Amino acid sequence: MEGERLSFEDGVALYRSPDLLTIGWLAHHVREKLHGHRTYFNVNRHINPTNVCVASCRLCAFGRKPDAAGAYTMALDEAFRTAGLGWSEAVTEFHIVGGLHPDLPFQYYVDLIRGLKERFPAVHLKAFTAVEIAYYSQISRLTYREVLEQLKDAGLGSISGGGAEIFAPATRRKICDHKIGATAWLRVHRTAHQLGLHSTATMLYGHIESDEDRVDHLMQLRGLQDETRGFMTFIPLKFHPANTELGKDINFQDTTGFTDLKAIAVARLMLDNFPHIKAYWIMLTPRVAQVSLRFGADDIDGTVVEEKIYHDAGATTPQGMNREQLIRLIREAGQEPFERDTLYRSVTRSEAGVMVHA
Ligand code: V47
């Protein structure tokens with residue numbers, strides 16, 4: 001209530017407390033101070049250019065080896081065509097993430113971004129996780145900075161928050177030992193922020209992580225944000241076990257609504273320097289995402305259109321929602337829908353078209 005920064009011990013105590021309503025009420029108080037009754041959403045489309053991946057992360061059901069059933073890689077023309085599908089709602093963002101392909105050169109990704117920008121100049125391109133950027137640096141022998149500069153020059157608008165999973169090394173090794181570690185993940189985001197690119201940050205929860213791991217993760221993000229102020233949003237990602245190696249091993253139960261709401265509320269309270277906390281309806285379900293709007297979340301993400309990462313891992317939610325459905329969820333939670341672009345500027349629609357306001 002005093003706006004004081006919470007400590008590591010505070011964070012652990014919040015995760016351990018069963019008093020969800022008090023924690024949610026406190027998080028809602030913080031959220032209302034920042035955003036009033038406004039709830040943000042956007043009209044976006046996800047594009048996953050390839051699911052072929054050299055890593056075999058045990059948490060993932062999306063990645064495939066090149067010759068495995070269901071492996072795909074979009075030729076550039078196909079990616080451009082896919083981008084245009086579902087165009088009627090005047091998408092303001094393409095969110096592009098994919099596997100670490102063994103053969104595609106870095107130039108493919110530069111051409112993908114440049115080609116999309118040429119065809120859809122008004123659409124913001126939020127693309128690639130820190131893990132992908134680090135991989136492009138490895139295959140091209142360019143530095144993180146050079147990779148990001150080339151992509152920015154081609155039209156990249158911001159980078160995606162995926163691949164963060166859990167930073168704590170012992171847990172990280174068990175769920176995704178093929179991925180870059182926390183230091184490299186944070187270094188890619190620091191470099192992006194230094195180049196004027198904003199980004200988001202995620203945390204994967206609901207697997208084998210401890211409460212201490214979660215708090216450590218939030219505090220590392222908070223530390224980088226103190227330095228750069230480049231993160232716009234934090235998104236807690238609920239682990240979906242189906243079709244994953246990790247899920248097979250430990251016979252996971254899906255997280256409960258209680259844990260999901262707590263993940264949102266504790267993030268809002270710990271991340272005092274993050275403007276936005278997003279309830280990603282695709283993974284939480286529209287129902288829980290809606291309730292979370294009174295537990296600290298101020299953003300419900302977007303129309304998405306086509307989703308593969310969670311649906312390969314057993315998500316039963318629809319793959320997309322239209323504007324009207326998102327607006328209804330927000331209004332029924334007693335809040336004002338606010339259509340945003342990727343950078344949280346207001347978007348208005350009229351007969352004349354889509355307008356973005358500073
Ligand atoms: O990095 C993969 C996660 C992420 C599973 O930046 C899984 O606004 C649960 O980053 N169960 C990719 N999660 C998606 C992502 C994202 C999504 C929405 C918004 C934003 C944003 C970013 O999905 C991966 C990983 O953390 N993931 N497999 C799984 N089985």
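Accessible area per residue (1.4 Å probe, heavy atoms of protein chains only) ranks HIS178, HIS189 as HIS178, HIS189, with the largest value leading. Report, to the nearest whole %, how much of the accessible area of the chain belongs to carbon and sulfur atoms, 1.4 Å probe, protein only. Its accessible area is 52 percent carbon and sulfur atoms.
Farthest toward the positive end of the dipole of the stretch 86-137, out of PHE94, PRO121, ILE133, is the Cα of PRO121, where the dipole comes from beta carbon charges about the Cα centre. Note on VAL54 and ALA90: the extension gain reaches 9.5 nm, defined as 0.36 nm multiplied by sequence separation minus the Cα-Cα distance.
Cysteines of the chain lacking any other cysteine Cβ under 4.7 Å from their own Cβ: CYS53.
Projected label points at ARG16 and LEU76, each 7 Å from Cα along the beta carbon direction, are separated by 5.6 nanometres. With viscosity set to 0.692 mPa s and temperature to 37 °C, compute the Stokes-Einstein D of the stretch 8-357, Rh being the Kirkwood radius across alpha carbon pairs; µm²/s, no decimals. Answer, rounded: 162 µm²/s. Using the Cβ-Cβ distance between SER140 and PHE258 with R0 = 56 Å, the FRET efficiency computed as 1/(1 + (r/R0)^6) comes to roughly 0.80.
Accessible area per residue for the stretch 8-357 is 40 Å², calculated with a 1.4 Å probe on protein heavy atoms, without ligands, DNA or RNA. Helical runs (DSSP H, four residues minimum) scored at -39500 (n - 2.57) apiece and divided by the length of the chain put the mean residue ellipticity at 222 nm at -12500 deg cm²/dmol. Filter LYS33/LYS152; LYS152/LYS174; LYS126/LYS262; LYS33/LYS174; LYS126/LYS238; LYS65/LYS262 down to the pairs with a C-alpha to C-alpha distance above 31 Å, please. Flagged as over cut-off: LYS33/LYS152; LYS152/LYS174; LYS33/LYS174; LYS65/LYS262. Where both residues lie in the chain, what percent of DSSP beta bridges are antiparallel, nearest 5? Expressed as a percentage, antiparallel bridges in the chain total about 20.
The values are calculated or read from the model by the stated rules, or taken from the named source; none is laboratory data. Since this is a predicted model, take the numbers as computed values, not measurements. With ideal geometry, Cβ positions are generated from the backbone for all residues, glycine too; neighbour counts draw on all protein chains shown. Surface areas here come from the heavy atoms of the whole protein model, side chains and all, with no ligands, DNA or RNA. Shrake-Rupley method; radii C 1.70, N 1.55, O 1.52, S 1.80 Å.
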